[in-house]
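Working notes, beginning with the structure itself.
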Amino acid sequence: MQVVLFEPEIPPNTGSVARLCAATLTPLHLVEPLGFKIDDKHLKRAGLDYWEFVDLQVHKSWDDFMRTAAPQKLRFFSKRAARSYTSVRYSDDDFLVFGPETRGLPQHILDFDAERALRIPMMGAGVRSLNLSNAVSIVLYEALRQLGKT
């Protein structure tokens, strides 16, 4: 299981995801461009002193990520997806891909494999999206639960 943040924009969200990844021993991939510098004080603050425990890889682009990480099983998370994140069986070799906070994953990535696009249901009519770090937490812990790792 690995977490991928495609072009994350908000340092505290990425820091919180890094902290989550440290706590769950989950590798984290950041796909540039980032909306901050990797040494941003807000990023470090949100990750506290856990950065040394994060298996972090930074990729120059989506193509670079696909080439160097060579993921076999991608799962894309978007409010535009039809299927719920609870409708699938997760596996150890899944890469959980989340988009930037203000715009989500671009359509060309979602179109890569529409069957692997999933959503987290939201009941509030006026709510546009969940916080990125909350979304990653929800999905990652469901996947780990299914795999008997919690």
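The values are calculated or read from the model by the stated rules, or taken from the named source; none is laboratory data. The structure presented is a predicted model; accordingly, all values stated were derived computationally and were not measured. Note that we place each Cβ from the backbone using ideal geometry, even for glycine, and neighbour counts take in every protein chain shown. Surface accessibility is based on the protein's heavy atoms, side chains included, excluding ligands, DNA and RNA. Shrake-Rupley method; radii C 1.70, N 1.55, O 1.52, S 1.80 Å.
A compact table of results
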item	result
Hits in segment 111-124 (condition: modelled with pLDDT under 90 and outside any loop (DSSP other than H, G, I, E, B))	D111, F112, D113, A114, E115
Lone qualifier among V136, V127, V88 - being within 15 Å of C21 (Cβ to Cβ) and either at pLDDT below 95 or open to solvent by less than 20 Å² (accessible area, probe 1.4 Å) (or both)	V136
Pick from segment 1-35, criterion over 15 Å from V97 (Cβ atoms) and hydrophobic (A, V, I, L, M, F, W, C), ranking: most open to solvent (accessible area, probe 1.4 Å)	L25
Counted residues, segment 106-124 - those being crowded, with 16+ Cβ neighbours inside 10 Å and either free of Cβ contacts under 8 Å to residues at least 40 places away in the same chain or charged (D, E, K, R) (or both)	3
Any hit, segment 35-43, residues being among the aliphatic types (A, V, I, L, M), over 19 Å from E9 (Cβ atoms) and assigned to a helix (DSSP H, G or I)	no
Residue within segment 91-105 that is at pLDDT 95 or above, open to solvent by 40 Å² or more (accessible area, probe 1.4 Å), more than 20 Å from A18 (Cβ to Cβ) and in a loop (DSSP other than H, G, I, E, B) present	yes
Matching residues, segment 57-73, being in contact (Cβ under 8 Å) with a residue 12 or more places away in the chain and part of a loop (DSSP other than H, G, I, E, B)	K60, S61, P71, Q72
Among (1) modelled with pLDDT under 95; (2) surrounded by fewer than 19 Cβ atoms within 10 Å (Cβ to Cβ); (3) touching a strand residue (DSSP E or B) at 6+ places or on another chain (Cβ under 9 Å); (4) among the small types (G, A, S), the one test that S78 misses	(2)
Every residue from segment 36-57 that is β-branched (V, I, T) and either at pLDDT 95 or above or buried (at least 16 other Cβ atoms within 10 Å of the Cβ) (or both)	V54
All positions within segment 87-104 that are over 17 Å from L144 (Cβ atoms) and of a type in the set (D, E, K, R)	E101, R103
